[in-house]
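> The structure's right below; bear with me while I get my questions together.
No lab work stands behind these numbers, since they all come straight from the coordinates. The structure presented is a predicted model; accordingly, all values stated were derived computationally and were not measured. Note: ideal-geometry Cβ built from the backbone for every residue, glycine included; neighbour counts use all protein chains shown.
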Amino acid sequence: MRFSLNIDHIATLRNARAEVQPDPVTYALMAEQYGVDGIVVHLREDRRHINERDVRLLRELITTKLDLEMAAVEEIIQIACDVQPELATIVPEKRQELTTEGGINVIDNIDHLRETIERLHNADIAVSLFIEPDINQIDAAAEINADFIEIHTGHYANAISEEDIFDELEKIRIAAKHAKKLGLGVNAGHGLNYINMKELIAIKEIDEVSIGHAIIARSVFVGVERAVKEMIEIIRSAK
Ligand code: PXP
């Protein structure tokens, strides 16, 4: 299992004072030194954290891979085609939300998403669709030539009772297996942390996890090196 780090909230902190520190690009380069497999940023339409300067500098400077989370809207599609990240992860986006609240409905937006994937493919960008662990959504993603799905793990992360945790984990396991059978790459993310990752790593079909808030928050207390390495250690402990 690979581990990509989402650095949006370093930009949130920077933007709190509209100054240059802490710089998300510097943070990304440090995280790469400590072993992350990729850097993820969400260029939101309202630019609440990551901005275009960050994306372009990351494109130039990082040596792992860039995953650009984005809404399938014209302005951002054009920027993506110009910047050419290795991966574009399409997410639903609402202005009022604090964070992405759930997966995109591929079935209801199939024509627009098919066209968006084609445009991104023409710019040599692999495409992932952030979706719920739902077989019908996965089938639709495969039908329109997505390269990856990213399974929304938010419900698993929010589950409290043992029974709910088991049920949510089972949904993710079934979805990941189904996607693999269809030839899709399988990513997973949202709400993952140092505790809930310990069970998720048992799902071998997950190629990569995308984790942000938990790592950024821990690095405030223990530093970037330890926060990143502790997560890598958990992932490597998978049997
Ligand atoms: N994956 C997607 C599609 C997301 O939108 C986010 C949040 O930006 C993440 C992963 C990372 O979530 P978290 O910050 O809760 O680790």
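> Regarding GLU168, is this residue over 23 Å from ALA71 (Cβ atoms), among the acidic types (Asp, Glu) and crowded, with 19+ Cβ neighbours inside 10 Å? Before you say what the answer is, go through the steps one by one.
On the way: over 23 Å from ALA71 (Cβ atoms): yes; among the acidic types (Asp, Glu): yes; crowded, with 19+ Cβ neighbours inside 10 Å: yes.
So GLU168 fits the description; yes.
> Can you report the number of residues in segment 198-221 which are farther than 16 Å from GLU233 by Cα and among the acidic types (Asp, Glu)? Don't jump to the end; show me each part of the working.
Step one: of segment 198-221, the residues farther than 16 Å from GLU233 by Cα are 203-207, 212-213, 216-217, 220-221.
From what's left, among the acidic types (Asp, Glu): 205, 207.
Of the residues in segment 198-221, 2 are farther than 16 Å from GLU233 by Cα and among the acidic types (Asp, Glu).
> Given the conditions (1) under 23 Å from PHE148 (Cα atoms); (2) free of Cβ contacts under 8 Å to residues at least 12 places away in the same chain; (3) not aliphatic (A, V, I, L, M), which single one is not true for THR89?
(2)
> Here's a follow-up. Residue under question is GLU19, and the condition is that it be under 18 Å from LEU87 (Cα atoms) and surrounded by fewer than 20 Cβ atoms within 10 Å (Cβ to Cβ); does it hold? Give the steps one after another, and end with the answer.
Numbers: under 18 Å from LEU87 (Cα atoms): no; surrounded by fewer than 20 Cβ atoms within 10 Å (Cβ to Cβ): yes.
Criteria not met by GLU19.
> For segment 14-22, state whether one or more residues are under 26 Å from ALA188 (Cβ atoms) and either within 14 Å of the ligand (Cβ to nearest atom) or touching an Asp or Glu at 6+ places or on another chain (Cβ under 8 Å) (or both).
Taking segment 14-22 as the starting set, the residues that turn out to be under 26 Å from ALA188 (Cβ atoms) are none.
Looking for residues that are under 26 Å from ALA188 (Cβ atoms) and either within 14 Å of the ligand (Cβ to nearest atom) or touching an Asp or Glu at 6+ places or on another chain (Cβ under 8 Å) (or both), one finds none in segment 14-22, hence no.
> Got a sec? Which of GLU118, GLU143, GLU97 is in contact (Cβ under 8 Å) with a residue 24 or more places away in the chain, closer than 22 Å to ILE76 by Cβ and of a type in the set (D, E, K, R)? Walk me through it before giving the result.
Numbers: GLU143 fails: closer than 22 Å to ILE76 by Cβ; GLU97 fails: in contact (Cβ under 8 Å) with a residue 24 or more places away in the chain.
Being in contact (Cβ under 8 Å) with a residue 24 or more places away in the chain, closer than 22 Å to ILE76 by Cβ and of a type in the set (D, E, K, R) holds for just one of GLU118, GLU143, GLU97, which is GLU118.
> Out of the residues in segment 170-218 meeting the condition of being in a helix (DSSP H, G or I) and within 13 Å of the ligand (Cβ to nearest atom), tell me which one is nearest to the chain's Cα centre (by Cα).
HIS213
> While we're here: Which condition does SER4 not pass, out of (1) assigned to a strand (DSSP E or B); (2) more than 15 Å from the ligand (Cβ to nearest atom), if it passes all the others?
(2)
Residues checked against (1) within 22 Å of LEU98 (Cα to Cα); (2) without any contact (Cβ under 8 Å) to a residue 40 or more places away in the chain; (3) buried (at least 16 other Cβ atoms within 10 Å of the Cβ):
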site: ALA31; (1), (2), (3): no, no, yes
site: VAL36; (1), (2), (3): no, no, yes
site: ARG56; (1), (2), (3): no, yes, no
site: ALA71; (1), (2), (3): yes, yes, yes
